[in-house]
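Colleague: Have a look at the structure that comes next, please.
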Amino acid sequence: MIPVEFEYAAPDSLEEAIDALVQGGEDAKLLAGGHSLLPLMKLRLAAPTMLVDLRRVPGLRGVERADGTLRIGAMTRHADLEDEPELGLISHAAGLIADRQVRHRGTIGGSLAHGDPASDLPAVLLACEGSVGVEGSDGTREIPAAELFQDYLTTAVGEGEVMTEVRLPALTDYGFGYRKFTRRAEDWAMVGVCALVKADNGTCEDARVGLTHMSSVPLRATAVEEALRGSALDADSIARAAEAAAEGTGPPGDLNATPEYKRHLARVLTRRALEEAAGLTAA
Amino acid sequence: MSVRVSVSITVNGEIKEREVESRLLLIHFLRDELGLTGAHVGCDTTNCGACTCHLDGEAVKTCTVLAVQADGSDIVTIEGLAQNGSLHPLQEAFWEHHGLQCGYCTPGMIMAGADLLKRNPDPSEDDVREALEGSLCRCTGYHNIVKAVQAAAQAGQSREVAA
Ligand SMILES: Cc1cc2nc3c(=O)[nH]c(=O)nc-3n(C[C@H](O)[C@H](O)[C@H](O)COP(=O)(O)OP(=O)(O)OC[C@H]3O[C@@H](n4cnc5c(N)ncnc54)[C@H](O)[C@@H]3O)c2cc1C
Ligand code: FES
Ligand code: FES
C-alpha cells in the first residue's frame with residue numbers, strides 16, 4: 001500500500017515548521033512519528049498534499065520537571081516515557097501502547113493531536129487535568145485537557161499550529177493504575193481506564209478516573225469520582241463506586257464490542273484500575 | 001508530479017545515497033532499491049512485525065516509516081546482524097531451538113529479540129513474550145521462539161563472563 005504523492009519538508013526550526021505548515025494550506029499536515037498518519041495515508045483515508053516533518057526541530061523531545069509539573073516535549077516518544085518509570089502514570093500508560101516497535105516511533109504530541117478515541121494518553125491527560133502548549137504564527141497558547149478533545153479525530157489544535165509541549169501535574173502523592181481490554185496484546189483498547197487516588201489514612205481524599213473509547217472523546221467518570229471521594233479506600237467502596245463508570249457515556253459500537261459490552265468493560269476495568277491505584281492489587 | 005528527495009542512509013554499515021520519492025516506505029527502499037530482501041512485508045498495516053529492522057539501534061516497523069524519515073540515520077537489517085561471517089547468537093539460537101517453520105516472521109522476530117537483549121540482557125520468559133508482542137507468527141505457536149531468545153540471552157551472558 002503506497003500513499004499518494006506529497007511535498008515533503010523537514011525544517012530545522014519551529015518557526016520554519018510553522019511557516020511551511022501555513023504556506024502548505026489546509027491539506028498540509030505535520031508529521032511526528034507517523035504511526036497514526038502513515039497508516040491512514042497508506043489506506044488513502046488521508047491524502048495530505050504536504051508533510052512537514054518535525055524530526056529536525058530542536059527542543060521538542062525530553063521531560064523537564066519544574067514546580068510539580070512535568071513538561072514533556074511533544075516529540076517525546078512513548079518508549080522514552082516508558083523507560084522513565086519514575087514519571088508515574090504517564091510512563092506506565094505509555095508502556096501499554098501497542099508494542100515496542102510502535103512505541104519507538106509514536107509520540108505523545110502525535111497521540112494527543114490526533115484525537116483518536118481509542119488512544120490511551122488522552123484519558124491520562126484528562127484525568128491529570130494537564131494541558132498542552134501550542135505555537136502558531138500568532139504566538140503561543142495553552143489548551144487545557146478539558147478543551148482539547150472536541151470530537152472524533154478533532155482537537156482544538158489549530159490548522160497552522162504545532163503542539164510543542166505537554167504539561168502534567170506530577171501528582172506524586174497519588175496512586176495510579178491503567179487497565180485496558182484488547183483482543184490481542186498489541187491491539188488498541190476496546191475500553192481503557194486510568195485511575196488516580198489520593199489516600200489519607202485509608203480514606204479517599206481525591207479520585208480521578210479517565211475513560212478511553214467510551215465516546216468520540218475521552219471522558220471523566222465523574223460519578224465514580226464523587227462516589228469515592230470521602231469514603232474508605234477499600235475493595236467494597238471501590239466496587240460500589242465503579243458501578244457508576246458507564247454513566248453519561250456513549251460508547252461507539254464496533255466489530256469488537258457492542259456499546260453494552262463496552263459499558264460492562266468500563267465498570268470492570270474501573271474497579272480494577274482503582275484497585276491498582278489504591279495498592280490493593282499489583283499492576 | 002513525482003516529488004523526489006535525496007537521502008543518505010547508512011545501511012548495515014555502508015552509506016547509501018539515493019534520490020527517492022517522498023512517499024517511498026523504508027521497507028521498499030531496503031528491499032527494492034537496495035535488494036535487501038531479508039525484511040519481509042507481512043501485513044503492511046504495522047501489525048505483524050515481519051518488516052522490523054533497527055533504526056538508530058532501535059527496532060521499528062519499516063512498513064510504517066518513510067525512507068525520508070530515515071535520512072541521516074543508521075539502519076541495520078537482518079543481513080547486517082552476522083559479524084565477520086559468524087552468525088549472531090540469536091540466529092544460532094533460532095537454528096538450534098527450531099524457532100521457525102516457514103521462516104516468514106523470523107527476520108522480524110530476530111530483530112525484535114535483538115532489540116530486547118540490548119535493553120535487557122537477562123530477560124525472563126515474560127519479558128521475552130512482551131518484547132515480541134508486536135511480532136506475529138502463523139506457524140510455531142511462539143514456544144520455540146521464546147526458548148531461542150532465552151537461549152541467546154544465556155549464550156550472550158556466558159560469553160560476557162568468558163570474556
Ligand atoms: C499497530 C498500531 C497500534 C497502535 N496502538 C495504540 C494503542 O494501543 N494506544 C494508543 O494510544 N495508540 C496506539 N497507536 C497509535 C500510536 O501511539 C501513534 O503513534 C500515535 O497515536 C500518534 O503519534 P505519532 O507521533 O505517530 O503521530 P503522527 O502519526 O505523526 O501524527 C498524528 C496526527 O497528529 C498530528 N501531529 C503530530 N504531531 C503534532 C504536533 N506536535 N502538533 C500538532 N499536530 C501534530 C499530525 O499532523 C497527524 O494529524 C497504535 C499505532 C499503530 C500503528
Ligand atoms: S509488514 Fe510491517 S508490521 Fe507487518
Ligand atoms: S515461522 Fe512461519 S510465520 Fe513464523
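Colleague: Being in contact with a helix residue (DSSP H, G or I) (Cβ under 8 Å, 6 or more places away or on another chain), surrounded by fewer than 19 Cβ atoms within 10 Å (Cβ to Cβ), touching a residue at least 40 places away in the same chain (Cβ under 8 Å) and within 27 Å of A:Lys180 (Cβ to Cβ) is the filter here, so list the residues in region A:124-167 that pass it.
Modeller: A:Glu129
Colleague: Now for a separate question. Restricting to region B:89-112, what's the tally of residues that are within 11 Å of another protein chain (Cβ to nearest Cβ) and more than 16 Å from ligand 1 (Cβ to nearest atom)? Write out each step before concluding.
Modeller: Step one: filter region B:89-112 for residues within 11 Å of another protein chain (Cβ to nearest Cβ), giving B:108, B:111-112.
Now drop any that are not more than 16 Å from ligand 1 (Cβ to nearest atom), which leaves B:111.
Residues that pass the stated criteria total 1.
Colleague: Being in a helix (DSSP H, G or I), more than 14 Å from chain B (Cβ to nearest Cβ) and within 15 Å of the chain's Cα centre (by Cα), is that true of even one residue in region A:54-75?
Modeller: No; the residues of region A:54-75 include none that is in a helix (DSSP H, G or I), more than 14 Å from chain B (Cβ to nearest Cβ) and within 15 Å of the chain's Cα centre (by Cα).
Colleague: Can you tell which of A:Arg103, A:Arg65, A:Arg56 is more than 10 Å from ligand 1 (Cβ to nearest atom) and under 24 Å from B:Val60 (Cα atoms)?
Modeller: The conditions single out A:Arg56.
Colleague: A further question follows. Please name all residue pairs, on different chains or six or more residues apart, with Cβ atoms under 8 Å, provided the first residue is in region B:99-123 and is assigned by TED's automatic domain parsing to the domain that holds B:Leu136 and the second residue is among the hydroxyl-bearing types (Ser, Thr, Tyr) and near ligand 3 (Cβ under 8 Å from one of its atoms).
Modeller: Correct list of pairs: B:Gly99/B:Thr106; B:Gly99/B:Thr140; B:Leu100/B:Thr106; B:Leu100/B:Thr140; B:Gln101/B:Thr140.
Colleague: Inside region B:53-95, can you point out the residues that are over 15 Å from B:Phe29 (Cα atoms), touching a strand residue (DSSP E or B) at 6+ places or on another chain (Cβ under 6 Å) and of a type in the set (A, V, I, L, M)?
Modeller: Of everything in region B:53-95, just one residue is over 15 Å from B:Phe29 (Cα atoms), touching a strand residue (DSSP E or B) at 6+ places or on another chain (Cβ under 6 Å) and of a type in the set (A, V, I, L, M), namely B:Ala59.
Colleague: I need the full set of residues from region A:11-34 which are in contact with a Lys or Arg (Cβ under 9 Å, 6 or more places away or on another chain) and either without any contact (Cβ under 8 Å) to a residue 60 or more places away in the chain or more than 18 Å from A:Val157 (Cβ to Cβ) (or both), in order please.
Modeller: A:Pro11, A:Asp12, A:Ser13, A:Leu31
Colleague: Whether any residue in region A:136-144 is within 12 Å of ligand 1 (Cβ to nearest atom) and closer than 29 Å to B:Thr45 by Cβ is what I want to check.
Modeller: Going through region A:136-144, the residues within 12 Å of ligand 1 (Cβ to nearest atom) turn out to be A:136, A:143.
Going one step further and asking which of them are closer than 29 Å to B:Thr45 by Cβ, we end up with none.
Within region A:136-144, not a single residue is within 12 Å of ligand 1 (Cβ to nearest atom) and closer than 29 Å to B:Thr45 by Cβ.
Colleague: If the requirement is being of a type outside the set (A, V, I, L, M, F, W, C) and either closer than 22 Å to B:Val41 by Cα or in contact with a Leu (Cβ under 9 Å, 6 or more places away or on another chain) (or both), which of these qualifies: B:Gln83, B:Gln101?
Modeller: Among B:Gln83, B:Gln101, only B:Gln101 is of a type outside the set (A, V, I, L, M, F, W, C) and either closer than 22 Å to B:Val41 by Cα or in contact with a Leu (Cβ under 9 Å, 6 or more places away or on another chain) (or both).
Colleague: Hey, among B:Arg18, B:Arg23, which residue is more than 16 Å from B:Val76 (Cβ to Cβ) and more than 14 Å from chain A (Cβ to nearest Cβ)?
Modeller: Working: B:Arg23 fails: more than 14 Å from chain A (Cβ to nearest Cβ).
Step by step, each of B:Arg18, B:Arg23 is checked, and only B:Arg18 is more than 16 Å from B:Val76 (Cβ to Cβ) and more than 14 Å from chain A (Cβ to nearest Cβ).
Colleague: I would also like to ask the following. Out of B:Leu66, B:Leu81, B:Leu87, which single residue is without any contact (Cβ under 8 Å) to a residue 40 or more places away in the chain and closer than 30 Å to B:Val5 by Cα?
Modeller: None of the other options fit; the residue is B:Leu81.
Colleague: Which residue is nearest to the other protein chains (Cβ to nearest Cβ), if the candidates are limited to region B:40-53 and must be more than 14 Å from ligand 1 (Cβ to nearest atom) and surrounded by fewer than 24 Cβ atoms within 10 Å (Cβ to Cβ)?
Modeller: Filtering region B:40-53 for residues that are more than 14 Å from ligand 1 (Cβ to nearest atom) and surrounded by fewer than 24 Cβ atoms within 10 Å (Cβ to Cβ), the one nearest to the other protein chains (Cβ to nearest Cβ) comes out as B:Val41.
Colleague: Please go through region A:77-105 and give me each residue that is in a helix (DSSP H, G or I), more than 10 Å from every other protein chain (Cβ to nearest Cβ) and of a type outside the set (Gly, Ala, Ser), ordered by number.
Modeller: Matches in region A:77-105: A:His78, A:Asp80, A:Leu81, A:Glu82, A:Pro85, A:Glu86, A:Leu87, A:Leu89, A:Ile90, A:His92.
The values are calculated or read from the model by the stated rules, or taken from the named source; none is laboratory data. On a predicted model such as this, the values are computed, not experimentally measured, just so you know. Glycine also receives a Cβ, built like all others from the backbone with ideal geometry; neighbour counts cover every protein chain displayed.
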